[in-house]
Amino acid sequence: MTPVYDPHSAAAQGLANCHTCGKLSASHLHHCPRCHSPLHLRIPHSLQYTWALLLTGALLYIPANILPVLQINQLGSSSSNTILGGVALLWEQGSYPVAIVIFIASVIIPLAKLFVLAWLCSSVQRHHQARPRERTRLYRLTELVGRWSMIDVFVVAILVALVQLGNLLAVQPGAAALAFGGVVIITMLAAMSFDPRLIWDKYGNQHPQ
Amino acid sequence: MDKIIACHECDLLLELSEVKPGTKLLCPRCGYVITRTGHQALNRLIAFSLSATLFFAYACAFPFLSFNLQGRGQLITLLQSVSELYQQGHPVLSLMVAIFIILAPLLLLVGLLYVLLPLKAGRRNPGSIVVSKLLLAIQPWSMVEVFLIGVLVSLIKIATMASLLLGPSFWAYVAFSIMLTAALTYLDRLQLWHWLDSAKPWRTVQ
Ligand SMILES: [Zn+2]
């Protein structure tokens, strides 16, 4: 079904908004006359790319949470932690605020991002018309908070780079560290490939003006 | 700035009246920040970017973190954290750290200064448009403040086994992070392209 652009939108007037520099140009031009970025009314194949990235992110999310993220060798004995295990350990140590921060950044945010973006994609595909303003805000939020999930990857990197005293105390990264870094990068790319203007497009059987 | 623009996030056509410095213009339909122009934006952007660069240079020169356990200890600088990870056989982790905490913010700063400094004289450096496109693409990948929180969490995480100490470079990196964030609050996409539009290339001087 062809989208019927909202009459107040630039696309309805045949004007494409350059994604890079924000200049409006006639949509038949292929490149922005100011910054030479490719021009299009909507990001091409936005939903397909977003779905593909979301699926990859969701698959990576499983090893990221099941496998150990950090392995600590101390005096011959070794212990390894998953992301959730690390949160539990911080909680037992009494570092409640840090445990909560890590829980939100590493567990809640990536999961919420995957679900919110999937829901936004499907709401566009189902030609959902209600509450576009709220859905756009939700999208904006997922774009804003995504990078904060990287905290745990940095914690692993810092400890591994610094704490190397052989048998006395040494820290090794687990496989989940890379998987988790991958989840963060891929969900950031998914948010970037989603075009929030699709939320505002109307759908019907009429031809676009 | 252009008179007629469209909202980046909902494509609403908007007529822009004259945007005075110090205005924050929201899309009436979806609430997206269309443009946010600060007072003295160009001067402040340059000043904050310059001081961020200085703090960054300082942050690279001294120990970043150290730790002690039973009289044995280790110490790393910011750059060593990357090379150390690489030497221990974790190239991908090393690359992620290098990109997110060193390369992306540094490219951002160098690019900003390259584009912005000549604007003071109403001129445009060659390649400014390409560099500006690059800047806007790099921006989300600079994770300086996320890294700082990561450092603090590391301190607490290892606290029961050994004590980590923050070196002078850590504090320089904190200052660098604050300066970079301050600079970026004055970086407005529409404003930047408007400045570039109104600047002339150098060669027309002769
Ligand atoms: Zn809008």
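Where a number appears in this text, it was derived from the coordinates with a stated rule and is not lab data. This is a predicted model, so every value here is computed, not measured. Heads up, the Cβs are rebuilt from the backbone with ideal geometry, glycines too, and the neighbour counts pull from every protein chain shown.
Descriptive notes on the structure:
- Note on residue B:72 and residue A:48: the model spin-label points, each 7 Å out from Cα along the C-beta direction, lie 5.7 nm apart.
- Once the Cα atoms are used to define both axes, helix B:144-158 deviates from the longest principal axis of chain B by about 20 degrees.
- Length gained on full extension, residue B:185 to residue B:3, computed as 0.36 nm times the residue gap minus the Cα-Cα distance: 63.2 nm.
- Placing a label point 7 Å from the Cα of residue A:111 along the Cα-to-Cβ line, no residue of region A:128-144 has its backbone N under 17 Å from it.
- Pairs of Lys in the protein assembly as shown closer than 18 Å at Cα, counting only those 8 or more apart or on different chains: 5
- Between helix A:151-162 and chain A: long-axis angle, C-alpha atoms, 0 to 90°, nearest 10: 40 degrees
- Computed per residue of chain B from DSSP H runs no shorter than four, each worth -39500 (n - 2.57), the mean residue ellipticity at 222 nm is -16000 deg cm²/dmol.
- Mean separation of Cα contacts under 8 Å (6+ apart) over length of chain A, as relative contact order %: 35 percent
- Between 0 and 90°, nearest 10: helix B:104-116 axis offset from chain B longest Cα axis: 30 degrees
- Förster radius 41 Å - calculated FRET efficiency between residue B:145 and residue B:200, Cβ distance, rounded to 0.05: 0.65
- GNM flexibility winner over chain B from B:22, B:31, B:122 (Cα, springs under 10 Å): B:31
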